[in-house]
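Report on one structure; see the data block that follows.
The values are calculated or read from the model by the stated rules, or taken from the named source; none is laboratory data. Not measured: the values here are computed from a predicted model. As a convention, Cβ positions derive from the backbone with ideal geometry for all residues, glycine included, and neighbour counts pool all protein chains shown. For the accessible areas, the whole protein counts, side chains as well, though only heavy atoms, and no ligand, DNA or RNA atoms are used. Shrake-Rupley method; radii C 1.70, N 1.55, O 1.52, S 1.80 Å.
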Amino acid sequence: MAKSDSEKYINGAILQGGGIPNVPNNKPMQYADRERQYMAGRTRLFPAARAKFSADYVQARVQGISKTDFFKWYRTHVRLSDMRSTPTLTQQTDDTKIVLFDEPKIDYFPLGAKLETMGSTWICTNPANLSDTLTSAVVRRCNTSYNLYDYYGNIVTEPIVLEKVTMMGNDNAEKPQNLVMMDGYFNVICQLNENTRKLGLNQRIILGTKAYFITGFNDFYQEFSGDYESTHILYFTVRIEEPQENDDVPNHIANGKIYSFAAEITEGQRELNAGDTLNLTTVFLKNGAETAGTDEHPVTWTWESDSPDVAEVDENGRVTAKSDGTARITARMAQNTTITASVELVVKEAATEPYVAFEGVIPQSVEQYETVTLTATYYEGGAATDKPIEWSFGGADKHSYNATVKGNSVEIYCYLADDTPLTVTATCEGQSATATIELWGL
């Protein structure tokens, strides 16, 4: 059978060009069935050489390029071409674009992936991955956004697309009580991610100065049939309503006032002698409750002293008193640097006379059925010794607590509440130190 002109051309290209280039690509495993034309690889090399001469050639950050992490950002260059030559009354030219990738290895740009360039975020709403030789897609510009808090209390801005900037479905004629405020709605397109999944639970967002409640929450559009993990785009409708009392309108966060994020150093103001050390600990308070870090959401702190010549602090919150004066120690959450906690320390010159001092933090109280531990040390010439401490107790009724001495430490267990605080005295070689603890019942 005689060969066609196309077959002759392909054979000639193979012989003269050293074979058809095999270009690496990022296509998913679901595309294993897809076949490419003989010259597809060579065709994809053309924009790599020529795209940079186009007037619509831009730098961009894009998602959906990695085979293992859909949300990983990748920096590249793209062509961002107009879909129409002139704007219309209902849609601006710059709100809808065709993106073309010039890197031959980018052979796939999925539905719901984001593209960032020139101050805006676009979402892929109509990719052409199945049959096009060149990687291209229709992208929609996110023309508004809403805010929310992440796990650590950072304000996160999530860009979304309103399909029309004019409200649809004004039903004032049917509901005269709503004449002041239009009973209308907007259709929304956005990426389905960790932030937007919460919308199905929250049901409300703030756009501009108004609140909107969500209906028609569609989080089931799959790119690959039966693959729930391939859903990366979200459609829903928002309907206008007046903001509510707990809405944080200035920060554009629905129900934002019900959330609180803070930190607390469990130790209060302390007095130390030069040379003493103190271990400080910080807790993360989320909506008033202590929240520990997890593998998924670790909580870590950085430490700083405003007077390191008076008291310095290391990365673990261990303070070393240096010289006479006052220092403020501050813990700052690494995951949200606006969350801080501070404690003021007073440092005195080390005493030359022998003395007894309690180590660490002196507890201010102990609740019923709980135990606190006190440790004391005898110092000579400003240096700690291992000389034995004697313990004595007074004030509170002896039936309200139990004290178990373990060397230079004592464990105090609270049986009952007592209106009179417990006084604990540590003595060694005629020197003593006293601590007062309140016994609290539940």
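Residues that are in a strand (DSSP E or B), open to solvent by 60 Å² or more (accessible area, probe 1.4 Å) and more than 10 Å from S342 (Cα to Cα) within the stretch 263-286 comprise E271, N279, listed in sequence order.
Filter the stretch 136-163 down to residues that are more than 30 Å from Y57 (Cβ to Cβ) and open to solvent by 30 Å² or more (accessible area, probe 1.4 Å), then give me how many there are.
Taking the stretch 136-163 and keeping what is more than 30 Å from Y57 (Cβ to Cβ), we get 146-156.
Narrowing the set further to residues that are open to solvent by 30 Å² or more (accessible area, probe 1.4 Å) leaves 149-151, 154-156.
Number satisfying all stated conditions: 6.
Need at least 3 residues that are surrounded by fewer than 19 Cβ atoms within 10 Å (Cβ to Cβ) per element, so show me which strands (runs of 3 or more DSSP E) inside the stretch 44-132 make the cut, counting only ones lying wholly within it. Steps first, please.
Details: elements: 57-62, 74-82, 96-101, 114-117, 120-128.
Those strands (runs of 3 or more DSSP E) span 57-62, 74-82, 120-128.
Can you tell me which residue among V361, V405, V346, V356 is out of contact with any helix residue (DSSP H, G or I) (no Cβ under 8 Å at 6 or more places or on another chain) and buried (at least 19 other Cβ atoms within 10 Å of the Cβ)? Write out each step before concluding.
Values: V361 fails: buried (at least 19 other Cβ atoms within 10 Å of the Cβ); V405 fails: buried (at least 19 other Cβ atoms within 10 Å of the Cβ); V346 fails: buried (at least 19 other Cβ atoms within 10 Å of the Cβ).
Result: V356 is the single residue among V361, V405, V346, V356 that is out of contact with any helix residue (DSSP H, G or I) (no Cβ under 8 Å at 6 or more places or on another chain) and buried (at least 19 other Cβ atoms within 10 Å of the Cβ).
Contact map, the stretch 397-416: residues that are of a type in the set (D, E) paired with residues that are open to solvent by 80 Å² or more (accessible area, probe 1.4 Å), Cβ distance under 8 Å, separation 6+ or inter-chain. Pairs shown: D397/L416.
Any residue at all in the stretch 283-300 that's touching a Lys or Arg at 6+ places or on another chain (Cβ under 8 Å) and either closer than 26 Å to S432 by Cβ or at pLDDT 95 or above (or both)? Please lay out each step first, then the result.
Restricting attention to the stretch 283-300, the residues satisfying the condition of being touching a Lys or Arg at 6+ places or on another chain (Cβ under 8 Å) are none.
Scanning the stretch 283-300, I find no residue that is touching a Lys or Arg at 6+ places or on another chain (Cβ under 8 Å) and either closer than 26 Å to S432 by Cβ or at pLDDT 95 or above (or both), so the answer is no.
Could you please let me know if R318 is within 20 Å of V361 (Cα to Cα), open to solvent by 20 Å² or more (accessible area, probe 1.4 Å), without any contact (Cβ under 8 Å) to a residue 60 or more places away in the chain and not β-branched (V, I, T)?
Considered against the rule, which asks whether it is within 20 Å of V361 (Cα to Cα), open to solvent by 20 Å² or more (accessible area, probe 1.4 Å), without any contact (Cβ under 8 Å) to a residue 60 or more places away in the chain and not β-branched (V, I, T), R318 comes out as yes.
Being among the polar types (S, T, N, Q) and at negative phi, is that true of even one residue in the stretch 283-290? Spell out how you get there, then give the answer.
Here is the first cut: in the stretch 283-290, the residues among the polar types (S, T, N, Q) are 287.
Applying the additional criterion that residues be at negative phi yields none.
Among the residues of the stretch 283-290, not one is among the polar types (S, T, N, Q) and at negative phi, which makes the answer no.
Can you give me the number of residues within the stretch 232-247 that are more than 10 Å from A211 (Cα to Cα) and open to solvent by 10 Å² or more (accessible area, probe 1.4 Å)?
Of the residues in the stretch 232-247, 5 are more than 10 Å from A211 (Cα to Cα) and open to solvent by 10 Å² or more (accessible area, probe 1.4 Å).
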